[in-house]
Structures are given as C-alpha cells and as structure tokens.
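Visitor: The structure follows.
The values are calculated or read from the model by the stated rules, or taken from the named source; none is laboratory data. Note that the structure is a prediction, hence the values are computed from the model and not measured. FYI the Cβ positions are ideal-geometry reconstructions off the backbone, even for glycines, and counts take in every protein chain you see. For accessibility, only protein heavy atoms count, side chains too; no ligands or nucleic acids. Shrake-Rupley method; radii C 1.70, N 1.55, O 1.52, S 1.80 Å.
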Amino acid sequence: MNKEEELLRKKSPVNIRNKKASFEYYFVDVLTAGIVLTGTEIKSIRMGKASLVDSYCYIHNGEIWVKGMNVSPYIYGSYSNHDSKRERKLLLTKREIHKLEEASKLPGYTIVPILLFINDKGMAKVDIALARGKKMYDKRQTIKEKEDRREMDRAVKRF
C-alpha cells in the first residue's frame with residue numbers, strides 16, 4: 001500500500017476496522033477487494049452501521065466470500081431491506097484468489113477482513129489479510145507493547 005492509498009483511506013468518511021483481528025493474528029499479506037452489495041447495504045455502510053467483528057473469508061468454487069460481517073438494516077428501508085448477516089461476495093482477480101486459496105490451506109493460516117472503507121469513487125472496499133494465528137505468549141507481548149506505547153505517550157504529554 002503506497003502513501004496515496006493510505007491518505008485516501010484516512011480521509012474516507014467510513015473506516016470500519018476489525019480491531020480484534022490485529023490482536024489475534026499476524027498479517028502476512030493484505031489485499032483490497034471490492035464487495036457486492038445491495039442498495040440498502042451501501043446506504044447503511046455509508047452511515048457507518050457495519051461491523052467486522054468475528055467475520056472471516058472463505059473460498060468456494062473459485063469465489064471468495066465474507067461471512068459474519070454485520071451490516072445493520074437501513075433505517076429508511078422498507079420491504080427491500082437486506083439480511084444483516086448474509087454472506088457477501090468479494091471481488092478479486094482469479095490469480096489473487098488462487099494465491100489466497102493455496103496459502104490458506106497451510107495449517108494456522110486464515111483470511112480475515114481488517115478494514116471496510118469507501119474509496120474516492122464512492123465504492124465500498126474491504127481490505128482482507130492472509131493471517132497467521134498468534135500464540136498466547138505472542139498476544140501477551142502485543143498487550144505489553146501497547147501498554148508501553150500508552151505510558152510513553154502519557155509521559156510526553158506531562159512535560
């Protein structure tokens with residue numbers, strides 16, 4: 001990811017993160033994928049009513065799907081409102097899907113969505129990561145580093 005893409009994501013009106021994923025996994029490779037949505041889903045996402053907690057991706061018949069992503073029903077939607085927990089198809093090239101499929105077959109590897117955002121053209125995109133699970137001692141180390149950073153920030157603000 002280059003600097004321009006990073007700035008666009010920070011300026012995006014919607015940045016829905018999966019904070020739990022960075023605690024549970026090491027990210028080996030990160031890809032940006034499009035997502036197939038209905039009309040009420042994109043409106044709900046633009047309002048920030050989505051969650052990536054406990055969601056994961058899987059590959060079935062050469063297509064990649066995200067499961068467990070919660071997009072709340074649109075407030076002003078009527079009979080055409082969507083199911084909040086439905087599986088949604090992600091859009092990647094065949095080469096990228098094949099690469100992810102081969103890597104996720106290895107023990108300890110999975111595919112998790114880490115960020116849902118709206119790009120500069122108004123399209124919803126998902127950053128997905130090929131991730132390797134952390135052991136318990138790795139999680140403790142992550143917590144310690146986080147607390148150390150917080151202490152350093154507090155010390156700097158005092159002076």
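Visitor: For the chain, with all protein chains present and a 1.4 Å probe, just round the carbon and sulfur fraction of the accessible area to a whole percent.
Guide: Working: 5630 of 10660 Å².
Ligands and nucleic acids excluded, carbon and sulfur reach 53 percent.
Visitor: To continue, here is another question. Non-local amide H neighbours of Asp29 (under 5 Å, H modeled in plane, Pro and chain starts lacking H): which ones?
Guide: Here the answer is Leu130, since their amide H atoms fall under 5 Å of that of Asp29.
Visitor: Also, quick follow-up: Which of the trypsin sites (Lys or Arg not before Pro) found in the stretch 61-125 are loop residues per DSSP with 16 or fewer other Cβ atoms within 10 Å of their Cβ? Can you show the working numbers first?
Guide: On the way: sites: Lys67, Lys85, Arg86, Arg88, Lys89, Lys94, Arg95, Lys99, Lys105, Lys121, Lys125; in loops: Lys85, Arg86, Lys105, Lys121.
Here the trypsin sites (Lys or Arg not before Pro) that fit, given the DSSP loop and packing criteria, are Lys85, Arg86, Lys105, Lys121.
Visitor: Restricting to DSSP loop positions (anything but H, G, I, E, B) with no more than 10 other Cβ atoms inside 10 Å of their own Cβ, which chymotrypsin sites (Phe, Trp or Tyr not before Pro) remain in the stretch 48-101? Write out the running numbers ahead of the final one.
Guide: Working: sites: Tyr56, Tyr58, Trp65, Tyr74, Tyr76, Tyr79; in loops: Tyr74, Tyr76, Tyr79.
Those satisfying the criteria are Tyr76, Tyr79.
Visitor: Could I ask something else about it? Express in Å², to the nearest 10, the accessible area of Val30 obtained by rolling a 1.4 Å probe over the protein heavy atoms while all chains stay in place.
Guide: Counting only protein heavy atoms, Val30 exposes about 70 Å² to solvent.
Visitor: Taking springs between alpha-carbon atoms closer than 10 angstrom, which of Gly34, Gly77, Gly48 fluctuates most in the Gaussian network model of the chain?
Guide: Of Gly34, Gly77, Gly48, the most mobile in the Gaussian network model is Gly77.
Visitor: Can you flag which of Lys43/Lys125; Lys20/Lys146; Lys19/Lys121 are past 18 Å Cα-Cα? The partial results should precede the final answer.
Guide: Working: Lys43/Lys125 14 Å; Lys20/Lys146 14 Å; Lys19/Lys121 25 Å.
Pairs exceeding 18 Å: Lys19/Lys121.
Visitor: Per DSSP H run of at least 4 residues, take -39500 (n - 2.57); add these up for the chain, divide by its residues and hand me the 222 nm value, nearest 500 deg cm²/dmol.
Guide: Details: 5 runs with 57 residues, N = 159.
Using -39500 (n - 2.57) per qualifying helix, the result is -11000 deg cm²/dmol.
Visitor: If you don't mind, another one. Net charge near Lys99: determine it from the other residues with C-beta under 12 Å of the C-beta of Lys99, scoring Lys and Arg +1 and Asp and Glu -1.
Guide: Values: positive: Lys94, Arg95, Lys105; negative: Asp29, Glu96, Glu101, Glu102.
With Lys, Arg at +1 and Asp, Glu at -1, the net is -1.
Visitor: On to the next question. Specify which labelled value, from [x] 17.5, 58; [y] 16.0, 55; [z] 18.3, 53, agrees with Rg and Dmax of the Cα atoms in Å derived from the coordinates of the model shown.
Guide: Given [x] 17.5, 58; [y] 16.0, 55; [z] 18.3, 53, the structure-derived one carries the label [x].
Visitor: Please compute the per residue accessible area over the stretch 36-155 with all protein chains in place, 1.4 Å probe, rounded to a whole number of Å².
Guide: Values: 7440 Å² over 120 residues.
Per-residue accessible area for the stretch 36-155 comes out at 62 Å².
Visitor: Any aspartates and glutamates with Cα under 20 Å of the Lys139 Cα? List them, leaving off those in the same chain fewer than 8 positions away.
Guide: Glu24, Asp29, Asp54, Glu147, Asp148, Glu151
Visitor: Asp120: accessible area at probe 1.4 Å, nearest 10 Å²?
Guide: In the full protein context, Asp120 sits at about 110 Å².
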